[in-house]
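Everything on this sheet refers to the single structure shown next.
Quick note: the coordinates plus some simple rules give every number you see, no bench work behind them. Worth saying up front: this structure is predicted, and the values here are computed from it rather than measured. Cβ placement follows ideal geometry from the backbone for every residue including glycine, while neighbour counts extend to all protein chains displayed.
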Amino acid sequence: MLRKNYLMAPGPTPVPIDILLEGAKDTIHHRTPQYLAIQKKAAEGTQYLFQTSQPVFMLSSSGTGAMEAAVANIAGNGDKVLSINAGKFGERWGDLCRVYGTDLTEIKLEWGTYVRPEQIKEFLDNNPDTKAVFTTLSETSTGTVHPIKEIADIVKNTNAVLVVDCISGILAEPIKMDEWGVDVIVTGVQKGFMMPPGIALLSFSEKAMELVKECKNPRYYFDIRKYAKGHPDSPFTPAINLVYQLTKAVEMLQAETIEGLWERHRILGDATRAAVKAMGLEIFAEKPGNVLTSIKVPENVDGKKIISFLRDEWGVTFAGGQDHLKGKIIRIAHLGYMSKFDVIVGISALEMGLKKFGYDIEMGVGVKAAEEVFNKEGV
């Protein structure tokens, strides 16, 4: 039987044809006014999506490159920093801080839970010399969202800067860099931006840029001072054809408006969660967000085998758990280039797959619950 592929993992996410086609255009020289006009348009559009008036810098890397650049330009040998570790990517902040020799304290939380703002306040009250707080908007390994606005309200009244990994969260979850007082946002384009991987984006508040100027870490490719000096031009060769694609992606995203993007993802998330509950399944995340829905695998189902089967035999790609959660959770993304019918396909595939692997389920209950949410929302 014909097999069509459906990508429903939290990154890379599906890419619209119009964006893919932009990458097929002729490559031009990057030190020309013609190219600079394209990159300038992309950079200005990302400012809107970040909700900031500060420059947004582009790196030719995955999102992890932006994470490293954030650490490398802010905190180094002996600097006191706080990191929130509630999953695989919070763990990554800690790894990077150790590489750069910081005096690191981690708030380690059980995967699936979220940090309480008062935990951060207590630490900062007791450690007023803290230079930076590193956390995530959406912890992709669990689907958990952290309360960034409330955290920002605390950090902005201290000497520390707030650095947020928004790699999966931006555009799906509300975040307003300037209004909320978030000092550094980092992301990659292969998720909410609806693009192939290869560009990382990051922006620094004026408060954070002062730390960039003072930082003693050795830096070269990730030296943000170089990127700021000639912005929006690049100090090194940019990913030219990917920037073409980013310009198109930004245009499409701006047309939907930032509020429209947040609302679409909320509805997709609500529908998926309603479907999961109707199927008698349990959501893993304590505070689930609109990037993805993580589901506890029923005890009588082999979590690794069902993920592989759905991907390899039926062409529906979900993500499984990472590290100690392998085989224990299924992560269904509703991120980026997705509509209500993508959710319907994903839920239908999950129902059929669970039935095949021995889970006692009434077929169609999840699909029905999702459809009811969409009808209620009028979409």
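The HN-Hα couplings worked out from phi for segment 54-70 by the Karplus form 6.51 cos²θ - 1.76 cosθ + 1.60 (θ = phi - 60°) are 7, x, 10, 8, 10, 10, 7, 6, 7, x, 4, x, 5, 4, 5, 4, 4 Hz, whole numbers, x standing for Gly and Pro. Which longest run of the chain has no exposed loop site in it, a site being GluC sites (Glu not before Pro) in a DSSP loop with at most 10 other beta carbons within 10 Å, and the site itself not part of the run? Of all site-free stretches, the longest is 111-298. Against the empirical 2.2 N^0.38 Å (N residues), segment 150-272 has a Cα radius of gyration ratio of 1.17.
Per residue of the chain, the DSSP helices (runs of n ≥ 4 H) give a summed -39500 (n - 2.57) that works out to -13000 deg cm²/dmol at 222 nm. With kT/(6 pi eta Rh) evaluated at 37 °C and eta = 0.692 mPa s, and Rh the Kirkwood radius from Cα pairs, segment 70-220 diffuses with a coefficient of 214 µm²/s according to Stokes-Einstein.
Between segment 1-70 and segment 101-156, the alpha-carbon centres lie 28 Å apart. The alpha carbon centroids of segment 172-251 and segment 319-348 are separated by 28 Å.
The tail of the calculated P(r) for the chain beyond 30 Å holds 40 percent of all Cα-Cα pairs. Antiparallel beta bridges, as assigned by DSSP with both residues in the chain, represent about 50 percent of the total such bridges. So which trypsin sites (Lys or Arg not before Pro) in segment 193-233 are both in a DSSP loop and have at most 15 other Cβ atoms within 10 Å of their Cβ? Answer in residue order: Lys216. Loop-only chymotrypsin sites (Phe, Trp or Tyr not before Pro) in segment 183-220, please: DSSP not H, G, I, E or B, and at most 16 other Cβ atoms within 10 Å. Those satisfying the criteria are Tyr220. Restricted to Cα atoms, segment 235-379 shows a radius of gyration and a Dmax of 17.1, 58 angstrom. Give the residue from Asn77, Thr293, Leu7 lying farthest towards the positive end of the charge dipole for the chain; charges sit on Cβ (+1 for Lys and Arg, -1 for Asp and Glu) and the dipole is referred to the Cα centre. Projecting each Cα onto the dipole axis, the largest value belongs to Leu7. How tilted is helix 33-50 with respect to the longest principal axis of the chain? Cα atoms for both, answer in degrees (0 to 90, nearest 10). For 33-50 against the chain, the angle is about 70 degrees. Of all the options Gly353, Gly188, Gly11, the one that moves most in a Gaussian network model of the chain with Cα springs shorter than 10 angstrom is Gly353.
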